[in-house]
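These notes are about the structure you will find just below.
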Amino acid sequence: MEWLALASFLSIFFKLISAQLNETCTTSNRRIGTCIPVKNCDYVLNILRNPTPSSEHWYFLENNKCGEIDDQPLPKPLVCCPLVYNNPNCGVSKVSNRIYGGEESDMLQFPWSGVLVYKINKKRFSVKCGCTLLNSRWVLTAAHCLNNLPSSWTLHRVRFREHNSLKAAKCTMTEMGEEICRQEYEIEGHPICHPDYDSTSTDMENDISLIKTKQEVEFNDYVNPICLPFSSEIRNMPIDGLEFTITGWGQVEKDKKAGIQYHVTVKGRPNEECDKAFAPIGISLTENQICAGGERNKDSCRGDSGGALMWQTELVTYLIGIVSFGARDCGTVNHPSVYTNVAKYLDWIEEEITSS
(Lines give C-alpha, C1' and ligand atoms only; values in the text may rest on other atoms or scores of the structure.)
Protein backbone atom coordinates (compact mmCIF):
# COMPACT_ATOMS: atom_id res chain seq x y z
CA MET A 1 0.00 0.00 0.00
CA GLU A 2 2.86 2.37 0.82
CA TRP A 3 4.41 1.88 -2.63
CA LEU A 4 1.06 2.38 -4.39
CA ALA A 5 0.56 5.67 -2.59
CA LEU A 6 4.09 6.77 -3.50
CA ALA A 7 3.60 5.87 -7.17
CA SER A 8 0.33 7.75 -7.30
CA PHE A 9 1.90 10.80 -5.67
CA LEU A 10 4.89 10.90 -8.00
CA SER A 11 2.83 10.37 -11.14
CA ILE A 12 1.22 13.74 -10.44
CA PHE A 13 4.52 15.60 -10.20
CA PHE A 14 6.95 14.13 -12.71
CA LYS A 15 7.27 15.68 -16.17
CA LEU A 16 8.65 13.43 -18.88
CA ILE A 17 12.30 13.00 -19.90
CA SER A 18 12.73 10.79 -22.96
CA ALA A 19 14.31 7.46 -22.00
CA GLN A 20 13.43 3.83 -21.39
CA LEU A 21 14.06 1.42 -18.54
CA ASN A 22 17.79 1.19 -17.67
CA GLU A 23 18.79 3.61 -20.42
CA THR A 24 21.26 6.42 -19.78
CA CYS A 25 19.52 9.78 -19.43
CA THR A 26 20.29 13.37 -18.46
CA THR A 27 18.47 14.92 -15.52
CA SER A 28 16.85 18.34 -15.60
CA ASN A 29 19.94 19.75 -13.87
CA ARG A 30 22.21 18.22 -16.56
CA ARG A 31 23.59 15.33 -14.55
CA ILE A 32 24.19 11.82 -15.87
CA GLY A 33 21.53 9.35 -14.77
CA THR A 34 19.81 6.04 -15.46
CA CYS A 35 16.09 5.59 -16.09
CA ILE A 36 14.96 3.27 -13.28
CA PRO A 37 11.91 2.69 -11.03
CA VAL A 38 11.49 5.33 -8.34
CA LYS A 39 11.77 2.72 -5.58
CA ASN A 40 15.30 1.91 -6.79
CA CYS A 41 16.51 5.52 -6.80
CA ASP A 42 18.04 6.40 -3.44
CA TYR A 43 18.41 10.02 -4.50
CA VAL A 44 14.64 10.46 -4.92
CA LEU A 45 13.81 8.39 -1.85
CA ASN A 46 16.09 10.59 0.25
CA ILE A 47 14.21 13.66 -1.01
CA LEU A 48 10.88 12.10 -0.10
CA ARG A 49 12.11 11.17 3.38
CA ASN A 50 13.21 14.76 4.00
CA PRO A 51 10.46 16.62 5.92
CA THR A 52 11.63 19.96 4.48
CA PRO A 53 12.87 19.40 0.91
CA SER A 54 14.41 22.41 -0.83
CA SER A 55 12.88 24.15 -3.82
CA GLU A 56 15.59 22.57 -5.96
CA HIS A 57 14.55 19.13 -4.76
CA TRP A 58 10.90 19.87 -5.58
CA TYR A 59 11.98 21.01 -9.03
CA PHE A 60 13.80 17.72 -9.49
CA LEU A 61 10.70 15.72 -8.53
CA GLU A 62 8.58 17.70 -10.97
CA ASN A 63 10.87 17.39 -13.97
CA ASN A 64 12.57 13.99 -14.10
CA LYS A 65 10.07 11.31 -15.00
CA CYS A 66 11.51 9.28 -17.89
CA GLY A 67 8.71 6.76 -18.45
CA GLU A 68 6.65 4.17 -16.64
CA ILE A 69 6.17 0.44 -16.33
CA ASP A 70 2.70 -1.05 -16.87
CA ASP A 71 1.62 -2.68 -13.64
CA GLN A 72 -1.55 -3.31 -11.65
CA PRO A 73 -3.35 -1.54 -10.16
CA LEU A 74 -1.23 1.52 -11.12
CA PRO A 75 1.69 2.05 -13.51
CA LYS A 76 5.05 2.43 -11.81
CA PRO A 77 6.89 5.65 -12.73
CA LEU A 78 10.51 5.64 -13.90
CA VAL A 79 12.85 8.43 -12.90
CA CYS A 80 16.10 9.69 -14.37
CA CYS A 81 18.15 8.87 -11.30
CA PRO A 82 21.54 10.66 -11.01
CA LEU A 83 24.48 8.26 -10.79
CA VAL A 84 26.60 10.61 -8.66
CA TYR A 85 25.06 12.46 -5.74
CA ASN A 86 25.84 13.47 -2.18
CA ASN A 87 25.56 10.95 0.63
CA PRO A 88 22.54 11.90 2.82
CA ASN A 89 24.90 12.38 5.80
CA CYS A 90 27.66 14.17 3.89
CA GLY A 91 29.35 17.22 5.32
CA VAL A 92 28.33 16.51 8.91
CA SER A 93 30.91 16.12 11.66
CA LYS A 94 30.64 15.34 15.35
CA VAL A 95 32.24 18.69 16.16
CA SER A 96 30.06 21.75 15.35
CA ASN A 97 32.07 24.31 15.34
CA ARG A 98 49.02 23.00 4.99
CA ILE A 99 47.84 25.65 7.42
CA TYR A 100 49.72 28.75 8.52
CA GLY A 101 48.73 30.36 11.82
CA GLY A 102 45.72 28.11 12.43
CA GLU A 103 44.29 26.14 15.33
CA GLU A 104 44.84 22.46 16.03
CA SER A 105 41.91 20.40 14.77
CA ASP A 106 39.87 17.88 16.71
CA MET A 107 40.01 14.43 15.09
CA LEU A 108 36.20 14.51 14.77
CA GLN A 109 36.11 17.94 13.17
CA PHE A 110 36.85 17.22 9.50
CA PRO A 111 36.07 13.52 8.94
CA TRP A 112 36.32 13.88 5.14
CA SER A 113 39.92 15.12 5.25
CA GLY A 114 42.67 12.64 4.50
CA VAL A 115 46.30 12.52 3.40
CA LEU A 116 48.20 10.94 0.53
CA VAL A 117 50.98 8.58 1.55
CA TYR A 118 53.93 8.34 -0.84
CA LYS A 119 56.56 5.63 -1.08
CA ILE A 120 59.94 7.39 -1.15
CA ASN A 121 62.12 4.28 -1.26
CA LYS A 122 61.90 0.63 -0.19
CA LYS A 123 61.60 1.45 3.51
CA ARG A 124 60.54 5.08 3.68
CA PHE A 125 57.04 6.55 3.36
CA SER A 126 55.97 10.17 3.66
CA VAL A 127 52.82 12.33 3.75
CA LYS A 128 53.07 15.32 1.40
CA CYS A 129 49.52 16.22 0.26
CA GLY A 130 45.94 16.28 1.49
CA CYS A 131 42.76 14.91 -0.06
CA THR A 132 38.99 14.94 0.50
CA LEU A 133 36.59 12.00 0.65
CA LEU A 134 33.64 12.25 -1.79
CA ASN A 135 32.01 8.85 -1.26
CA SER A 136 32.92 5.29 -0.30
CA ARG A 137 35.37 4.83 -3.22
CA TRP A 138 36.53 8.24 -4.44
CA VAL A 139 38.72 11.04 -3.10
CA LEU A 140 39.60 14.39 -4.66
CA THR A 141 43.01 16.09 -4.58
CA ALA A 142 45.23 18.41 -6.62
CA ALA A 143 46.72 17.21 -9.90
CA HIS A 144 50.16 18.58 -8.99
CA CYS A 145 50.19 16.18 -6.01
CA LEU A 146 50.36 13.35 -8.57
CA ASN A 147 52.09 14.84 -11.60
CA ASN A 148 54.87 16.96 -10.14
CA LEU A 149 56.57 14.23 -8.11
CA PRO A 150 60.24 13.25 -7.91
CA SER A 151 60.89 10.32 -10.26
CA SER A 152 61.56 7.92 -7.37
CA TRP A 153 58.26 8.66 -5.60
CA THR A 154 55.04 6.69 -6.05
CA LEU A 155 51.60 7.21 -4.56
CA HIS A 156 51.19 4.42 -2.01
CA ARG A 157 47.87 4.78 -0.18
CA VAL A 158 45.12 7.11 0.97
CA ARG A 159 44.88 7.58 4.74
CA PHE A 160 42.05 8.79 7.00
CA ARG A 161 41.76 9.21 10.77
CA GLU A 162 45.19 10.84 10.72
CA HIS A 163 46.27 13.08 13.57
CA ASN A 164 50.05 13.35 13.51
CA SER A 165 51.52 12.47 10.12
CA LEU A 166 55.09 12.53 11.50
CA LYS A 167 54.49 9.71 13.97
CA ALA A 168 55.11 6.11 12.93
CA ALA A 169 52.55 4.77 15.42
CA LYS A 170 49.33 3.78 13.68
CA CYS A 171 47.11 4.55 16.67
CA THR A 172 46.59 7.62 18.85
CA MET A 173 45.14 7.76 22.37
CA THR A 174 42.66 10.60 22.85
CA GLU A 175 42.26 12.63 26.04
CA MET A 176 39.14 10.55 26.76
CA GLY A 177 41.19 7.35 26.66
CA GLU A 178 39.88 6.22 23.24
CA GLU A 179 42.35 4.57 20.88
CA ILE A 180 41.96 5.92 17.33
CA CYS A 181 43.79 4.03 14.57
CA ARG A 182 44.52 5.18 11.03
CA GLN A 183 42.45 3.85 8.14
CA GLU A 184 44.55 3.23 5.03
CA TYR A 185 43.33 2.20 1.58
CA GLU A 186 45.16 0.94 -1.48
CA ILE A 187 44.71 2.71 -4.81
CA GLU A 188 42.76 1.07 -7.63
CA GLY A 189 44.29 1.66 -11.06
CA HIS A 190 45.91 5.01 -11.77
CA PRO A 191 44.82 8.38 -10.37
CA ILE A 192 42.82 10.45 -12.86
CA CYS A 193 44.25 13.92 -13.44
CA HIS A 194 42.22 16.46 -15.36
CA PRO A 195 43.20 16.13 -19.03
CA ASP A 196 43.76 19.90 -19.40
CA TYR A 197 46.16 20.17 -16.47
CA ASP A 198 49.61 21.22 -17.63
CA SER A 199 52.33 20.52 -15.09
CA THR A 200 54.65 23.00 -16.83
CA SER A 201 52.21 25.92 -16.69
CA THR A 202 52.70 28.53 -13.97
CA ASP A 203 48.98 29.34 -13.62
CA MET A 204 48.14 25.79 -12.40
CA GLU A 205 44.66 25.83 -13.97
CA ASN A 206 42.75 22.51 -13.86
CA ASP A 207 44.74 21.46 -10.78
CA ILE A 208 42.35 18.66 -9.83
CA SER A 209 42.55 14.87 -9.68
CA LEU A 210 40.47 11.87 -8.64
CA ILE A 211 41.68 8.75 -6.84
CA LYS A 212 39.71 5.53 -6.47
CA THR A 213 40.29 3.16 -3.55
CA LYS A 214 40.41 -0.61 -3.98
CA GLN A 215 38.12 -1.20 -1.03
CA GLU A 216 35.11 0.73 0.17
CA VAL A 217 36.02 3.32 2.78
CA GLU A 218 34.47 2.55 6.14
CA PHE A 219 32.33 5.42 7.41
CA ASN A 220 32.26 6.22 11.13
CA ASP A 221 32.42 9.24 13.45
CA TYR A 222 35.98 9.92 12.25
CA VAL A 223 35.49 9.23 8.52
CA ASN A 224 32.56 10.67 6.55
CA PRO A 225 32.30 12.20 3.05
CA ILE A 226 31.97 15.91 2.38
CA CYS A 227 29.17 17.38 0.23
CA LEU A 228 29.87 18.49 -3.33
CA PRO A 229 28.31 21.84 -4.36
CA PHE A 230 25.61 20.39 -6.66
CA SER A 231 23.05 23.00 -5.57
CA SER A 232 22.81 25.92 -8.00
CA GLU A 233 22.56 28.31 -5.04
CA ILE A 234 25.94 27.19 -3.75
CA ARG A 235 27.56 26.97 -7.18
CA ASN A 236 26.54 30.52 -8.00
CA MET A 237 27.10 32.21 -4.64
CA PRO A 238 29.57 35.13 -4.62
CA ILE A 239 33.02 34.21 -3.31
CA ASP A 240 34.20 37.69 -2.32
CA GLY A 241 33.91 38.21 1.44
CA LEU A 242 32.66 34.71 2.28
CA GLU A 243 34.47 32.90 5.08
CA PHE A 244 35.99 29.52 4.26
CA THR A 245 37.91 26.97 6.31
CA ILE A 246 41.04 25.20 5.14
CA THR A 247 42.66 22.28 6.91
CA GLY A 248 45.86 20.30 6.50
CA TRP A 249 48.95 18.74 8.01
CA GLY A 250 51.51 21.09 6.42
CA GLN A 251 53.71 23.91 7.64
CA VAL A 252 52.28 26.05 10.49
CA GLU A 253 55.22 28.33 11.17
CA LYS A 254 58.13 29.38 9.04
CA ASP A 255 60.57 26.50 8.51
CA LYS A 256 58.55 24.28 10.85
CA LYS A 257 56.45 21.36 9.60
CA ALA A 258 53.30 20.69 11.58
CA GLY A 259 52.56 16.99 11.27
CA ILE A 260 49.47 17.79 13.35
CA GLN A 261 46.22 18.66 11.56
CA TYR A 262 45.43 22.37 11.79
CA HIS A 263 42.66 24.56 10.38
CA VAL A 264 42.21 28.25 9.71
CA THR A 265 39.50 30.58 8.42
CA VAL A 266 40.15 32.70 5.32
CA LYS A 267 38.01 35.09 3.31
CA GLY A 268 37.23 34.86 -0.37
CA ARG A 269 38.71 37.61 -2.54
CA PRO A 270 38.09 38.84 -6.09
CA ASN A 271 40.34 37.00 -8.53
CA GLU A 272 41.82 40.36 -9.46
CA GLU A 273 43.54 40.50 -6.05
CA CYS A 274 45.38 37.27 -6.83
CA ASP A 275 46.16 38.56 -10.32
CA LYS A 276 47.80 41.60 -8.74
CA ALA A 277 49.73 39.53 -6.17
CA PHE A 278 51.04 37.08 -8.77
CA ALA A 279 51.59 39.64 -11.56
CA PRO A 280 55.40 39.57 -11.11
CA ILE A 281 55.45 35.93 -12.26
CA GLY A 282 52.83 36.38 -14.97
CA ILE A 283 49.91 34.50 -13.41
CA SER A 284 46.32 35.50 -14.13
CA LEU A 285 43.40 33.45 -12.74
CA THR A 286 40.38 32.15 -14.64
CA GLU A 287 36.85 31.39 -13.42
CA ASN A 288 38.09 27.86 -12.73
CA GLN A 289 40.09 29.18 -9.79
CA ILE A 290 39.29 30.84 -6.46
CA CYS A 291 41.28 33.54 -4.69
CA ALA A 292 41.15 33.49 -0.87
CA GLY A 293 43.19 34.65 2.10
CA GLY A 294 45.66 37.50 2.24
CA GLU A 295 45.58 38.12 5.99
CA ARG A 296 48.85 37.95 7.89
CA ASN A 297 49.64 34.47 9.24
CA LYS A 298 46.40 32.95 7.90
CA ASP A 299 47.08 30.77 4.91
CA SER A 300 47.51 27.33 3.40
CA CYS A 301 51.16 26.36 3.07
CA ARG A 302 53.64 23.71 1.97
CA GLY A 303 52.21 20.26 2.65
CA ASP A 304 48.56 21.37 2.46
CA SER A 305 48.22 20.98 -1.32
CA GLY A 306 45.22 18.92 -2.40
CA GLY A 307 43.30 19.67 0.79
CA ALA A 308 39.86 21.25 1.06
CA LEU A 309 38.62 24.82 0.97
CA MET A 310 35.32 24.37 2.84
CA TRP A 311 32.15 26.37 3.39
CA GLN A 312 29.60 25.53 6.06
CA THR A 313 25.90 26.35 6.11
CA GLU A 314 23.37 25.03 8.63
CA LEU A 315 26.02 22.65 10.05
CA VAL A 316 26.59 21.03 6.63
CA THR A 317 30.01 21.45 5.00
CA TYR A 318 30.60 21.73 1.25
CA LEU A 319 33.80 21.31 -0.75
CA ILE A 320 34.28 24.62 -2.57
CA GLY A 321 37.94 24.51 -3.54
CA ILE A 322 41.16 22.50 -3.56
CA VAL A 323 44.43 23.95 -2.25
CA SER A 324 46.54 24.67 -5.33
CA PHE A 325 49.31 27.25 -4.74
CA GLY A 326 50.22 30.43 -2.85
CA ALA A 327 52.96 32.85 -1.94
CA ARG A 328 56.52 31.66 -1.40
CA ASP A 329 56.29 32.98 2.17
CA CYS A 330 53.04 31.57 3.58
CA GLY A 331 50.77 33.99 5.42
CA THR A 332 52.02 37.10 3.65
CA VAL A 333 49.64 40.03 4.09
CA ASN A 334 47.79 41.08 0.90
CA HIS A 335 48.98 37.94 -0.89
CA PRO A 336 46.02 35.52 -1.16
CA SER A 337 46.37 31.91 -2.22
CA VAL A 338 44.78 30.09 -5.15
CA TYR A 339 42.31 27.20 -5.02
CA THR A 340 40.78 25.07 -7.77
CA ASN A 341 37.07 25.94 -8.09
CA VAL A 342 35.34 22.57 -7.58
CA ALA A 343 31.95 23.80 -8.87
CA LYS A 344 33.49 24.26 -12.33
CA TYR A 345 34.52 20.59 -12.46
CA LEU A 346 31.35 18.80 -11.32
CA ASP A 347 30.61 17.53 -14.84
CA TRP A 348 34.15 16.15 -15.14
CA ILE A 349 33.97 14.52 -11.70
CA GLU A 350 30.63 12.93 -12.55
CA GLU A 351 31.79 11.67 -15.95
CA GLU A 352 34.94 10.07 -14.55
CA ILE A 353 33.15 8.40 -11.64
CA THR A 354 30.30 7.04 -13.77
CA SER A 355 32.63 5.83 -16.54
CA SER A 356 34.56 3.81 -13.96
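The values are calculated or read from the model by the stated rules, or taken from the named source; none is laboratory data. Nothing here was measured: the structure is a model prediction, and the numbers come from that model. Backbone-built Cβ (ideal geometry, glycine too); neighbour counts: all protein chains shown. To get the accessible areas, we keep the full protein, side chains included, count just its heavy atoms, and leave off ligands, DNA and RNA. Shrake-Rupley method; radii C 1.70, N 1.55, O 1.52, S 1.80 Å.
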Item to complete: Could you please give the count of residues in the range 25-49 that are outside any helix (DSSP H, G or I), open to solvent by less than 60 Å² (accessible area, probe 1.4 Å) and not β-branched (Val, Ile, Thr)?
Response: 8
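Sort through 87, 121 and tell me the only one that's open to solvent by 10 Å² or more (accessible area, probe 1.4 Å) and at pLDDT below 90.
One residue alone meets the criteria, 121.
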Response to the item:
Residue pairs qualifying under the 6 Å Cβ cut-off, at least six apart or on distinct chains, with the first in the range 8-31 being under 16 Å from residue 62 (Cα atoms) and the second being at pLDDT below 65 and not in a loop (DSSP other than H, G, I, E, B), are none
Fill in: The listed residue being open to solvent by less than 70 Å² (accessible area, probe 1.4 Å) and over 29 Å from residue 287 (Cβ atoms), out of 197, 185
185
Fill in: Flag for residue 262 being modelled with pLDDT under 90 and among the aromatic types (Phe, Trp, Tyr)
yes
Worksheet entry | Within the range 144-153, considering residues that are polar (S, T, N, Q) and assigned to a loop (DSSP other than H, G, I, E, B), the one surrounded by the fewest Cβ atoms within 10 Å (Cβ to Cβ) | 151
Worksheet item: When you look at residue 68, is it part of a strand (DSSP E or B), within 22 Å of residue 20 (Cβ to Cβ) and open to solvent by 50 Å² or more (accessible area, probe 1.4 Å), yes or no?
Response: yes
Worksheet item: What do you reckon, is residue 317 under 26 Å from residue 170 (Cα atoms), assigned to a strand (DSSP E or B) and at pLDDT 85 or above?
Response: no
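Could you check, for the range 166-182, whether at least one of its residues is part of a strand (DSSP E or B), surrounded by fewer than 17 Cβ atoms within 10 Å (Cβ to Cβ) and touching a Gly at 6+ places or on another chain (Cβ under 9 Å)? Step through it out loud before you land on a result.
Within the range 166-182, the subset part of a strand (DSSP E or B) is 171-173, 179-181.
Now drop any that are not surrounded by fewer than 17 Cβ atoms within 10 Å (Cβ to Cβ), which leaves 171-173, 179, 181.
Right, trim to touching a Gly at 6+ places or on another chain (Cβ under 9 Å) and you get none.
The answer is no; no qualifying residue exists.
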Practice prompt. From (1) part of a strand (DSSP E or B); (2) modelled with pLDDT under 85; (3) among the small types (Gly, Ala, Ser), pick out the condition that doesn't hold for residue 294.
Written response: (1)
Response to the item:
In the range 200-226, anything in a strand (DSSP E or B) and either within 17 Å of residue 351 (Cα to Cα) or open to solvent by less than 10 Å² (accessible area, probe 1.4 Å) (or both) is listed as 209, 210, 211, 212, 213, 223
Item to complete: Determine if the range 223-237 includes at least one residue that is at pLDDT 95 or above and of a type in the set (Asp, Glu).
Response: no
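Scan the range 126-143 for residues that are part of a strand (DSSP E or B) and either modelled with pLDDT of 95 or more or touching an Asp or Glu at 6+ places or on another chain (Cβ under 7 Å) (or both) and jot them down. Break it down into steps so the answer makes sense when it comes.
First pass over the range 126-143, keeping only residues part of a strand (DSSP E or B): 126-133, 138-141.
Passing the criteria: 130, 131, 132, 133, 138, 139, 140, 141.
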Worksheet, complete the sentence: The lone condition residue 103 fails out of (1) open to solvent by 20 Å² or more (accessible area, probe 1.4 Å); (2) modelled with pLDDT of 90 or more is (2)
Worksheet item: For residue 156, are the conditions met, namely being farther than 28 Å from residue 46 by Cα, buried (at least 18 other Cβ atoms within 10 Å of the Cβ) and not hydroxyl-bearing (Ser, Thr, Tyr)?
Response: no
